[in-house]
Amino acid sequence: MTKVGSNIEKFNLYVSEQFENLAHYGEESKDVLIHLFEGYKAASNKSFVSYIGRKEEKHEDNSKPINEARLMQDAKNYYKNCVHDQTWNCPDENQQAILLLKAEFKQIENSKRSESGKKKDNDKKSGGGKHEGTGKNNSKQKSSNVSAWKTTAPKAEDKLKAKYVNGDSKP
């Protein structure tokens with residue numbers, strides 16, 4: 001069923017071809033009806049699967065026995081009606097609610113991303129307490145003892161001297 005994308009007409013065609021192949025070799029299958037029910041229950045349309053389940057229950061209770069040809073015809077008719085009414089594989093109420101929630105979540109997520117993107121752009125334009133292009137805060141560097149020399153201008157006599165940081169040795 002998954003190979004034909006839950007298309008009942010294609011599935012029935014495949015099953016019919018298998019019947020013909022068996023007959024060609026003089027073989028037959030006694031459990032075709034069981035496999036048909038299993039195949040139809042693998043369809044992606046929940047209402048169709050429920051419909052087939054009801055058919056199977058009636059058959060098993062002997063209240064309404066069914067043969068392979070009749071089951072295939074009923075399944076095909078149900079499928080055609082659903083396709084005609086554009087209800088085949090349409091989401092049910094719960095699925096629609098989930099889809100709506102997902103859409104709302106994406107919309108909120110996208111609006112937050114665009115807001116944070118605008119905020120970052122504004123921070124870059126205004127300086128925002130960060131060094132250009134580094135993403136580091138000035139406040140952190142000012143409070144650090146190691147790099148305090150970077151924030152203060154050197155004295156006139158120290159301008160030509162090399163500066164060493166974090167225990168660098170002199171050359």
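Whether a residue is part of a helix (DSSP H, G or I), modelled with pLDDT under 90 and under 33 Å from the mean Cα position of the chain (by Cα) was assessed, and Gln96 passes this test.
Among the residues making up region 37-75, those that are assigned to a helix (DSSP H, G or I), within 14 Å of Met1 (Cβ to Cβ) and not aliphatic (A, V, I, L, M) are Phe37, Glu38, Gly39, Tyr40, Lys41, Lys46, Phe48. Given the structure, is Pro91 touching a His at 6+ places or on another chain (Cβ under 7 Å) and of a type outside the set (Asp, Glu)? In short, no.
If the condition is being aliphatic (A, V, I, L, M) and modelled with pLDDT under 90, then region 22-50 contributes Leu22, Ala23, Val32. Cβ separations smaller than 7 Å between residues 6+ apart or across chains give the following pairs from region 29-58 residues that are among the β-branched types (Val, Ile, Thr) to residues that are surrounded by 13 or more Cβ atoms within 10 Å (Cβ to Cβ): Val32/Glu68; Val49/Lys41; Val49/Ala43; Ile52/Phe37; Ile52/Tyr40; Ile52/Lys41; Ile52/Ala75. For region 108-117, indicate whether the set of residues that are surrounded by 11 or more Cβ atoms within 10 Å (Cβ to Cβ) and either among the charged types (D, E, K, R) or within 30 Å of Glu20 (Cα to Cα) (or both) is non-empty. Checked region 108-117: no residue is surrounded by 11 or more Cβ atoms within 10 Å (Cβ to Cβ) and either among the charged types (D, E, K, R) or within 30 Å of Glu20 (Cα to Cα) (or both).
Every residue, every condition in (1) in contact with a Leu (Cβ under 8 Å, 6 or more places away or on another chain); (2) more than 19 Å from Arg70 (Cα to Cα); (3) loosely packed, with under 13 Cβ neighbours inside 10 Å, yes or no:
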position: Lys3; (1), (2), (3): no, yes, yes
position: Asn7; (1), (2), (3): no, no, no
position: Val15; (1), (2), (3): yes, no, no
position: Glu20; (1), (2), (3): no, no, yes
position: Lys30; (1), (2), (3): no, no, yes
position: Phe37; (1), (2), (3): yes, no, no
position: Lys41; (1), (2), (3): no, no, no
position: Asn45; (1), (2), (3): no, yes, no
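The values are calculated or read from the model by the stated rules, or taken from the named source; none is laboratory data. It should be emphasised that the depicted structure is a prediction, and the values quoted were computed from it without experimental measurement. Cβ atoms come from the backbone with ideal geometry, glycine included; neighbour counts cover every protein chain shown.
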